[in-house]
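J.: One structure, as structure tokens, below. Some questions next.
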Amino acid sequence: MSDEELVRGGTASAPAVEFLEHPDLAEIVGDLSRPQKRLPTRLLYDERGSHLFERICETRDYYVTRAELEILSRDLDDIAGFAGAGAGVIEPGAGCGCKTRELLSALEDPRWYAPLDIDPSVLWRCREAIRQALPHLPLVPVCADFTQPWCHAGLPVAERRLLFFPGSTVGNFEPVQAQRLLGRFRDAAGPGGRLILGVDLRKNAATLRRAYDDGEGITASFNLNLLARLNREHGADFDTAAFEHLAVYDKALHRIEMHLRSRRDQWVRIGGCRFHFAAGETIHTESSHKYLPGGMVALAAAAGWQAQKLWMDPQRRFALMGFEAAPRKQPNTEVKEDNMAATKKSSGGRRYGKGAARTVASAMRRRKRGTLKSGPGGKGGTVRSRKQAIAIGLSEARRKGAKVPPKKAGGGSK
Ligand code: AVJ
């Protein structure tokens, strides 16, 4: 690497006031300096990016939004019932709040709605839209990055707090980060709090690849807009025609990855640095993890959420899941005698900690007893059988490193 690449600002005449640079720039330069180049996913969503994303939702190939809206409208009463009366609703990354409008109008006596968004202009639009539809609902817009700690202590009182996080945005985080995020939501929800979480489910790779590389080319424009944005806002000199959109499904990590692939050998300047791109080299811009319901039960359990409800569309492409905040435990009293007995066999699973293994086990026991209900959805909207639900939980737990006994021969259908 030459000095020019290493030293930001480059020449001796460059002013030494780098702290005046845009805070995103250091991250961008860092991300482009990695062996696998990447860019911060959130930068996809500027005004043009958000607009293009809305158009992605209308394409034939991107099934995610339609599947979720289908569940929301068909199981609305059940979902509202789960939320309970007198809820204060918090929506991290609210956007225009269109899905929420439907939920809010079905809720019994909602106390207030607190949309959270990093973009104040989006928050403004959301506020106007909700005000039109529900003029009497108190609004508490919060301008914050929901991936960072934010002040939820100042929110008004309610019977309980409901966290609404649709769209499968949780899938855009690495599982470890997703767990941390759900833990933050748990803190914001407080005792008795609930969570309604949108989760895109695993399905065949071809369907997924098409959803993230639609025939109309909108997703390609959405991805390439990121380079155009760097040119606009950070003085980069990306030749956007020299990059192409790519969607690949990583079967081992169960995630769709969006990349931008360099069509030729080239150099790009940004932030006083020069970056080399070999022909075919890619920049990773977004990951979208796909889950089994049981996998999300385990992940959320590790973040202090007990799974209560599962609603799916008839084709089982997407799930809305209902969770309740697990009661806070004193340290070292987490694993009680009877629970120990129940999880003895999975004690090898340490990735999600002792408490988590216990919570998953108790979720599975409750599922067995029928206390963990599935929504009416399509074909009953339930997991095919209790046995299968348990199998999903077990196989996922096994994947996470837990030692669980193998299924009996001929037992389970997966
Ligand atoms: C709204 C962020 C969840 O990952 O499916 C859609 C974003 N990216 N097409 C998703 C997205 C490409 C979307 N999220």
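The values are calculated or read from the model by the stated rules, or taken from the named source; none is laboratory data. Nothing here was measured: the structure is a model prediction, and the numbers come from that model. Quick reminder, even Gly has a Cβ in these numbers, built from the backbone with ideal geometry, and neighbours come from all protein chains shown. These area figures cover heavy atoms from the full protein model, side chains too; ligands, DNA and RNA do not enter into them. Shrake-Rupley method; radii C 1.70, N 1.55, O 1.52, S 1.80 Å.
J.: Report the residue count in segment 263-278 for those that are closer than 11 Å to residue 243 by Cβ and part of a loop (DSSP other than H, G, I, E, B).
T.: Qualifying residue count for the region: 2.
J.: Which pairs turn up if I take residues in segment 221-232 that are in contact (Cβ under 8 Å) with a residue 40 or more places away in the chain and look for partners that are within 15 Å of the ligand (Cβ to nearest atom) and of a type in the set (Ser, Thr, Tyr) with beta carbon separation below 7 Å, at least 6 apart in sequence or on another chain?
T.: Within 7 Å, the pairs are 223/285; 226/285.
J.: Considering only segment 192-202, state which residues are away from the ligand (no atom under 16 Å from the Cβ) and either at positive phi or surrounded by fewer than 23 Cβ atoms within 10 Å (Cβ to Cβ) (or both).
T.: Hits for segment 192-202 are 192, 194.
J.: Then there's this: With the structure loaded, tell me whether residue 41 is among the β-branched types (Val, Ile, Thr), within 14 Å of the ligand (Cβ to nearest atom) and over 19 Å from the mean Cα position of the chain (by Cα) or whether it fails that test.
T.: The answer is no for residue 41.
J.: Starting from residues that are assigned to a strand (DSSP E or B) and open to solvent by less than 50 Å² (accessible area, probe 1.4 Å), keep the ones in segment 136-191 and report whichever is nearest to the ligand (Cβ to nearest atom).
T.: By that ranking, first place goes to 165.
J.: For residue 353, are the conditions met, namely being at pLDDT 55 or above and at positive phi?
T.: no
J.: (1) assigned to a strand (DSSP E or B); (2) over 21 Å from the mean Cα position of the chain (by Cα): which one isn't true of residue 238, the others all being true?
T.: Result: residue 238 passes all but (1).
J.: Looking for whichever is under 25 Å from the mean Cα position of the chain (by Cα), more than 14 Å from the ligand (Cβ to nearest atom), modelled with pLDDT under 95 and surrounded by 15 or more Cβ atoms within 10 Å (Cβ to Cβ) here; the options are 70, 102. Which one fits?
T.: Step by step, each of 70, 102 is checked, and only 102 is under 25 Å from the mean Cα position of the chain (by Cα), more than 14 Å from the ligand (Cβ to nearest atom), modelled with pLDDT under 95 and surrounded by 15 or more Cβ atoms within 10 Å (Cβ to Cβ).
J.: Cβ-Cβ below 7 Å, separation at least six or inter-chain, first residue in segment 155-183 and among the hydroxyl-bearing types (Ser, Thr, Tyr), second open to solvent by less than 20 Å² (accessible area, probe 1.4 Å) and in a helix (DSSP H, G or I): which pairs?
T.: Within 7 Å, the pairs are 168/64.
J.: Looking at segment 45-61, which of the residues that are among the acidic types (Asp, Glu) and more than 14 Å from residue 216 (Cβ to Cβ) is least open to solvent (accessible area, probe 1.4 Å)?
T.: 46
J.: Sticking with this structure for a sec: Looking only at segment 246-295, filter to residues that are away from the ligand (no atom under 16 Å from the Cβ) and of a type in the set (S, T, N, Q); which one of those is farthest from the chain's Cα centre (by Cα)?
T.: That would be 266.
J.: Among the residues of segment 204-229, count how many are within 13 Å of the ligand (Cβ to nearest atom) and surrounded by 16 or more Cβ atoms within 10 Å (Cβ to Cβ).
T.: Number of matching residues: 15.
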